[in-house]
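The values are calculated or read from the model by the stated rules, or taken from the named source; none is laboratory data. Here the structure is a predicted model, which is why all the values come from computation and not from measurement. Note that we place each Cβ from the backbone using ideal geometry, even for glycine, and neighbour counts take in every protein chain shown. Side chains are part of the model used for accessible areas, which takes the heavy atoms of the whole protein and leaves out ligands, DNA and RNA. Shrake-Rupley method; radii C 1.70, N 1.55, O 1.52, S 1.80 Å.
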Amino acid sequence: MEQGLVLVINCGSSSIKFALVDPSQNDFLISGLAERLATNNDEGLLHWQQNGQKNTQALAVSTHHAALATLLPKVQAIAGSRLIGVGHRVVHGGEHFSSAQIITPAVLHAIRITVQLAPLHNPANLLGIEAAQTLFPDLAHVAVFDTAFHQTLPEHAYRYALPEMLYRDYGVRRYGFHGTSHQYVSQHAAEMTGLAVRNSCWLTAHLGNGCSTAAIVNGESRDTSMGMTPLEGLVMGTRSGDVDPNLHGYLARTLGWNLEKIDQLLNHESGLLGLSGLTNDMRTLEQARLNGHTGATLAIEVFCYRLAKSLAALSCALPQLDGMVFTGGIGENSALVREKTIAHLHLLNLYINPAANAACVHGKAGAIQAEGSVRILVVPTDEEGQIARDTATVLNKY
Ligand code: ADP
């Protein structure tokens, strides 16, 4: 019998990633990206990949709705009657959701009231849900939350040292993100090493444009580096990660900056881009470092040191360490970042094997630790595949 297919939609503020997935085979029948959306111009582009072939089409109108309306007939032509549902990535589920949910009016309402906690992400996710529901009114739509996996954090890990009223009445606490990825790679790491997910402990580092670490005990997240929003924690592409909270007051007093300008600085002008003065792209930074660029060199050093510091801190949440996992575009490809990070972690008995480290790039999974070291694994993440499986599971069709 042919298996059902799930359309996965990941709507960002100016882009939509999509994939039509057979969750039983983890087969991607078509996948792609609509970019430069909502830019008030006609520069929107739709890229897609099908049967190993890459295609690009200009969009007549650069909106999320127009992009979905252009790509959905392509999806429908391939899926026919096999499409069983649409899985939507939703960044912030607050405390409302600890698992994926069929999108009902009540779920939609909860996502809407969480917008205040994720003003950069949830509005775009809502746009995608509403457009897809209009275009596919008869299909089940499922929300898969980035925060859900971290709902198992103990209170001592998720509370800030702030008056209780701010938590109770305004939801000010740590939530954590990238949950789909941390869950997937920790499960996969257990499979790769013959350990039971329910009986193993991992430190995971998801390093893409956004970056976060997690401590996972017996399949449950116990701590993570991101907080109330995805700004807390590590150095990222354009996000600062942790800074002294007094920075806001200092910038306001000395430079007269308002909150909007400070938000823009910390979210879009900092991180690898801010430190290097060059780019947020790790590939370009590595090249520039080789050419002696001091900003690029410093950005990589700070990135790796802060990452190591976060991993060491999260080790407090583990009763034992069965392994450390690198994933995301940087984690899967940058042997330099892995080597520099692990060089700060010898106290955790983590040591790298340079040849194995160099070999694990471009989607190749593997163990990269030296003999006698605790395991260090590279595990390519599969967020779209995992969203498709979660969606099919919720629909009882997987
Ligand atoms: P997103 O969070 O947008 O999904 P990705 O997971 O694709 O991002 O990661 C993007 C990052 O991965 C960029 O900084 C990019 O430079 C980096 N990257 C991709 N390939 C390589 C590579 N071969 N070497 C170093 N960094 C890489």
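The table below lists the values:
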read-out: 15 Å cut-off, amide nitrogen to a point 7 angstrom out along THR193 Cα→Cβ, residues in region 374-388; value: 374-380
read-out: Inter-label distance for ALA312 and MET165, nm, one decimal - labels placed 7 Å from Cα along Cα-to-Cβ; value: 3.9
read-out: Distance (nanometres) between label positions extended 7 Å along Cα→Cβ at ASN26 and ASP263; value: 3.8
read-out: Average accessible surface area per residue within the chain, 1.4 Å rolling probe, Å²; value: 45
read-out: Charge sum, other residues only, whose C-beta stays under 15 Å from GLU383's C-beta, Lys/Arg counted +1 and Asp/Glu -1; value: -2
read-out: Where labels lie 7 Å past Cα in the beta-carbon direction, separation of GLN76 and GLU371 in nm; value: 6.2
read-out: Residue-count net charge about ILE111 - beta-carbon cut-off 15 Å; Lys, Arg +1, Asp, Glu -1; value: -1
read-out: Among ALA140, ALA388, ALA205, residue whose mean-square fluctuation peaks in a GNM of the chain (springs only between Cα atoms under 10 Å); value: ALA140
read-out: Ellipticity estimate at 222 nm from DSSP helix runs (n ≥ 4, -39,500 (n - 2.57)) divided over the chain, nearest 500; value: -11500 deg cm²/dmol
read-out: Linear extension gain, GLU155 paired with ASP242, 0.36 nm per residue minus alpha-carbon span; value: 29.3 nm
read-out: Burial ranking of peptide ranges 127-133, 76-82, 88-94 (average Cβ count within 10 Å, highest at the top); value: 88-94, 127-133, 76-82
read-out: Gap separating the Cα centres of region 1-24 and region 222-288, nearest whole Å; value: 31
read-out: Partners for LYS340 among lysines (Cα-Cα distance below 29 Å; same-chain residues under 8 apart left out); value: LYS309, LYS364
read-out: FRET efficiency estimate (nearest 0.05) - Cβ-Cβ, GLN50 to ARG283, R0 30 angstrom; value: 0.70
